[in-house]
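Quick notes on the structure that follows.
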Amino acid sequence: MNEEQRLASQQVNQPKTKNEPEKDYSKYFEKVFTAPSLKDAKKRGKEEIKYHKDFDIAEEFAGMGVGRTFYIRTYGCQMNEHDTEVMAGIFMQLGYTATDIIEEADIVLLNTCAIRENAENKVFGELGFLLKYKRKNPEMLIGVCGCMSQEESVVNKILKTYPHVDMVFGTHNIHRLPNILKEAYMSKEMVIEVWSKEGDVIENLPKSRNGSIKAWVNIMYGCDKFCTYCIVPYTRGKERSRRPEEIIQEVRELAAAGYKEIMLLGQNVNAYGKDFEDINYRLGDLMDELRKIDIPRIRFTTSHPRDFDDQLIEVLAKGGNLVEHIHLPVQSGSNEVLKIMARKYTREHFLGLVDKIKAAIPGVTLTTDIIVGYPNETEEQFEETLSLYREVGFEMAFTYIYSPREGTPAAKMVDNVPEDVKKERLHRLNAVVQEYSRKALADLEGEIVEVLVEGTSKRREDVLAGYTRKNRLVNFSAPKELIGQLVKVKVVEATSYSLRGEFIEVVKNEKVDAK
Ligand code: SAH
Ligand code: SF4
Ligand code: F3S
């Protein structure tokens, strides 16, 4: 499945929620306006992680947004989407109102993704387009934030080609949004504030969550894995974990507020807790605590095959609200390619891990991410990826053609694989992905599945849509009052990426089994 198909498969219209900002924030703001440096972003020091819990909006910013609107467009992963929720929370705390109409917004923010070139090109296209709106409304403030802002080449290009941009700020500067906005209102110059090195965790940020059924909860930030193709360790900084009590408290509050599903977020959640110096506490320990909370479903993404330890498998095997679906990116089935990717595991290790997981969690669904056309990938190496896919029997995959990212080691590798060969490999891989996805869905015909009803289908207002514990999309006809509830649905037909079913009944006892 590629990114477009992934987005197309998310066919659920979520009901809008009341956007309630939480508290007041901001204190430790210094006025430093800085440009990014990938070189600095690469450094990993031994500095202690600082936890800031006293975030509030300083008096000088109070009411800054009254009578003004904001619009945020999000381009990246779930973490990026969650950052958008935080920024929306800050905007609302400042008195701004959200709008869905971009040309009418007083502030437009593009929350960008740097993972592949096409993600970046979309943003540059949009920036060109925004000039039209800015000409009509010169008061409009345009901002670029997210992972692209962390790259100096991007900031230079914006300075040169898109002078109508008013502010650029990085992933570590989100909590400084009030300061950046104020500066942008006052300054004639483009305001650029991108910290390249960050080792802090900021708690108590406001959030305006998108929906009231499923919620994202960060458990850690950053990545220290430095896979040779990947920009994330540069754009998101060093690995740092939130304290368990903060996470548990947030999940408890979400459960009390009626949320039904939590997605725990981190670029490499298996590294959770590695940075704690005072306690020995890892992802398995956290999951073991969270499963006792009265909320029907808890998931996490993304886990790295290297640190997936036995304790975590043991805890996940307890089931209850811990769902039997694990997204486990493998990237390649060839040991040589895995080695130059610096994934630090072998095909054999990965298959051994899969066997352990399957033995401990019967019926578990595994999904993955794969990159094809890595520099110098041979036909045989690519075929090893196909054979690994079949051996594991993944139910779905996000598949990508390798995209060189400036500043990463892989971008310097000479690449002898022609573009059309890369495309053809992606095509062949996608055929296998589709074969397995179809089969997994077809096997469900006639079965009864538990669906968390999230909204109406994007294609048909009279059809409800939701996901199973294993994250399969199910469409069925039933009254809209069921939105937000867990229901039982009988699967009548499987299509390539979704299921069609008949409503049976509401799941009565949602209490989790956390024995
Ligand atoms: N932290 C996650 C991945 C985050 S990025 C993990 O390690 O599992 C999501 C996916 O994008 C990756 O799994 C990888 O398949 C893909 N990706 C990352 N960098 C890429 C690049 N330079 N070119 C193509 N795909 C890339
Ligand atoms: Fe990127 Fe690798 Fe970190 Fe994932 S684990 S974010 S692929 S460097
Ligand atoms: Fe993209 Fe940054 Fe996420 S590069 S995938 S938005 S961490």
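The values are calculated or read from the model by the stated rules, or taken from the named source; none is laboratory data. Source: prediction; values computed, not measured. Here Cβ is always computed from backbone atoms with ideal geometry, including for glycine, and neighbour counts include all displayed protein chains. Note: accessible area is taken over every heavy atom of the protein model, side chains too, but ligands, DNA and RNA are not part of it. Shrake-Rupley method; radii C 1.70, N 1.55, O 1.52, S 1.80 Å.
Given a 1.4 Å probe, how much area per residue of the range 257-306 is accessible, in Å²? With all protein chains present, the range 257-306 gives 32 Å² per residue. For W216, the amide hydrogen comes within under 5 Å of the amide hydrogens of M263, counting only partners 5 or more places away or on other chains and with H modelled in the peptide plane. Amide hydrogen proximity for N376: with H placed 1.01 Å from N in the peptide plane, the residues at 5 or more positions away or on another chain lying under 5 Å are N416, V417.
Which sequence of R240, R306, R135 reflects their accessible areas, 1.4 Å probe, from the largest down?
Sorted descending by solvent-accessible area, the residues read R135, R306, R240.
Heavy atoms of the protein chains alone define the surface here; on that basis the range 327-471 has 44 Å² accessible area per residue at 1.4 Å probe size.
Straightening the chain between A342 and K53 buys 100.5 nm, computed as 0.36 nm per residue apart minus the Cα-Cα spacing. In this structure the amide hydrogen of L141, modeled in the peptide plane, comes within under 5 Å of the amide hydrogens of I107, V108, none closer than 5 places in sequence on its chain. Could you list log10 I(q)/I(0) for the chain at q = 0.07, 0.13 Å⁻¹, which the Debye formula gives when each Cα is one point scatterer? With one equal scatterer per Cα and no solvent, log10 I(q)/I(0) is -0.39, -1.47. Ranking L177, H325, N218 by Cα position along the charge dipole of the chain, where only Lys, Arg, Asp and Glu carry charges on their C-beta atoms, puts L177 farthest toward the positive end.
Taking packing as the residue-averaged number of other Cβ atoms within 10 angstrom, the listed peptides 154-165, 381-392 run from highest to lowest as 381-392, 154-165. For the pair F276 and R438, a Förster radius of 51 Å applied to the C-beta separation gives a FRET efficiency near 0.70, rounded to the nearest 0.05. Partner lysines whose Cα lies under 23 Å from the Cα of K134, excluding those fewer than 8 positions away in the same chain, are identified as K122, K157, K160, K182, K188. Were the residues from A256 through N137 laid out at 0.36 nm apart, the gain over their Cα-Cα distance would be 38.5 nm. Taking the 1.4 Å solvent-accessible surface of the chain as the whole, the part contributed by carbon and sulfur is 49%. With a threshold of 30 Å on the Cα-Cα distance, the over-threshold entries among K197/K274; K46/K292; K458/K488; K197/K339 are K46/K292.
Around the Cα centre of the range 211-323, unit charges on the Cβ atoms of Lys, Arg, Asp and Glu (plus for the first two, minus for the last two) sum to a dipole of about 440 debye.
Want the number for V414 to N121: 0.36 nm per residue separation, take away the alpha-carbon distance, what's left? Taking V414 through N121 to full extension adds about 103.2 nm, to one decimal. Working from Cα pairs under 8 Å separated by at least six residues, relative contact order for the chain is 14 percent.
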